[in-house]
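Asks: This structure is in structure tokens; I'll ask about it shortly.
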Amino acid sequence: MSLAPERDAHNKNNKLMQRIYKKQKGVSFLEVLIAVVVLSVGFLATSRMQIMGMRYNQSAFFKSQASILAADIADRMRANIGGVDAGAYDSVNTDSLPSDPNCMNTGCNSQELAALDARQWGLSLGNTLPEAKGSVTRNGTMFEVEIEWDEKVSDTVETQSVIIWLNP
């Protein structure tokens, strides 16, 4: 049995492969350009996802801060039932904060404590949330606490809000 036909076939395959290799010695410029474009699109998509994630994170942070501040005024009202009964919390609005009653050293009565609570709460809102305003409104025996703030959503600024109802 002779190995000559197999060797001839092997040599023909080698010659064919050598011709192919001679024609393709490197990566073409077009292939590199396409790879760069694909990578660039991938990087842009990744950065867009990062930006959106940061925006959603900021939105969640503002909403949690607003909830904490709503609970803060609710706790202040529960701690000052005398002020609630006297109507001192019936219509609190942070657009017009009361002046500081300056009674911390001398002892505050329930009305002064309610004014101090409203002032401190309004200042906290302004320091925590962008363009924030809050209100407490009595409706029968229930109180509505509403906090609004401006938040950039997409390319526009929208007003967001948190509302809680309480019966101190």
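The values are calculated or read from the model by the stated rules, or taken from the named source; none is laboratory data. The shown structure was predicted, so the numbers you read here are calculated from the model rather than taken from an experiment. We place every Cβ from the backbone using ideal geometry, glycine too, and count neighbours over all the protein chains shown.
Asks: Within region 76-99, track down each residue that is touching a Lys or Arg at 6+ places or on another chain (Cβ under 8 Å), surrounded by 13 or more Cβ atoms within 10 Å (Cβ to Cβ) and more than 17 Å from Gly140 (Cβ to Cβ).
Replies: Selection gives Asn93, Thr94, Leu97, Pro98.
Asks: Could we say that Ser59 is in contact (Cβ under 8 Å) with a residue 12 or more places away in the chain, surrounded by fewer than 21 Cβ atoms within 10 Å (Cβ to Cβ) and within 21 Å of Ile147 (Cβ to Cβ) here?
Replies: Here the answer is yes, as Ser59 does meet what is asked.
Asks: Another question about this same structure. How many residues, within region 111-138, are buried (at least 20 other Cβ atoms within 10 Å of the Cβ) and touching a strand residue (DSSP E or B) at 6+ places or on another chain (Cβ under 6 Å)?
Replies: Counting residues in region 111-138 that are buried (at least 20 other Cβ atoms within 10 Å of the Cβ) and touching a strand residue (DSSP E or B) at 6+ places or on another chain (Cβ under 6 Å) gives 6.
Asks: Can you find even one residue in region 33-51 that is free of Cβ contacts under 8 Å to residues at least 40 places away in the same chain and in contact with a Cys (Cβ under 8 Å, 6 or more places away or on another chain)?
Replies: no
Asks: In region 150-165, what residues are part of a strand (DSSP E or B) and more than 17 Å from Val92 (Cβ to Cβ)?
Replies: Passing the criteria: Asp150, Glu151, Lys152, Val153, Thr156, Val157, Glu158, Thr159, Gln160.
Asks: How many residues does region 104-126 hold that are aliphatic (A, V, I, L, M) and farther than 15 Å from Ala79 by Cβ?
Replies: Residues meeting the conditions: 2.
Asks: If you don't mind, another one. Would you confirm, using the coordinates I've provided, whether Met77 is touching a residue at least 40 places away in the same chain (Cβ under 8 Å) and in contact with a strand residue (DSSP E or B) (Cβ under 9 Å, 6 or more places away or on another chain)?
Replies: Yes, satisfied.
Asks: Cys108 - would you say it is at pLDDT below 95 and crowded, with 17+ Cβ neighbours inside 10 Å?
Replies: So Cys108 fits the description; yes.
Asks: Please count how many residues of region 101-119 are free of Cβ contacts under 8 Å to residues at least 12 places away in the same chain and among the hydrophobic types (A, V, I, L, M, F, W, C).
Replies: Counting residues in region 101-119 that are free of Cβ contacts under 8 Å to residues at least 12 places away in the same chain and among the hydrophobic types (A, V, I, L, M, F, W, C) gives 1.
Residue-by-condition table, conditions (1) small (Gly, Ala, Ser); (2) touching a residue at least 40 places away in the same chain (Cβ under 8 Å); (3) in contact with a helix residue (DSSP H, G or I) (Cβ under 9 Å, 6 or more places away or on another chain):
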site: Asp90; (1), (2), (3): no, yes, yes
site: Glu131; (1), (2), (3): no, no, no
site: Ser135; (1), (2), (3): yes, yes, no
site: Val153; (1), (2), (3): no, yes, yes
site: Val157; (1), (2), (3): no, no, no
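Asks: Which residues, taken from region 139-167, are touching a strand residue (DSSP E or B) at 6+ places or on another chain (Cβ under 7 Å) and over 22 Å from Asn57 (Cβ atoms)?
Replies: Residues satisfying the conditions are Met142, Phe143, Glu144, Val145, Glu146, Ile163, Ile164, Trp165, Leu166, Asn167.
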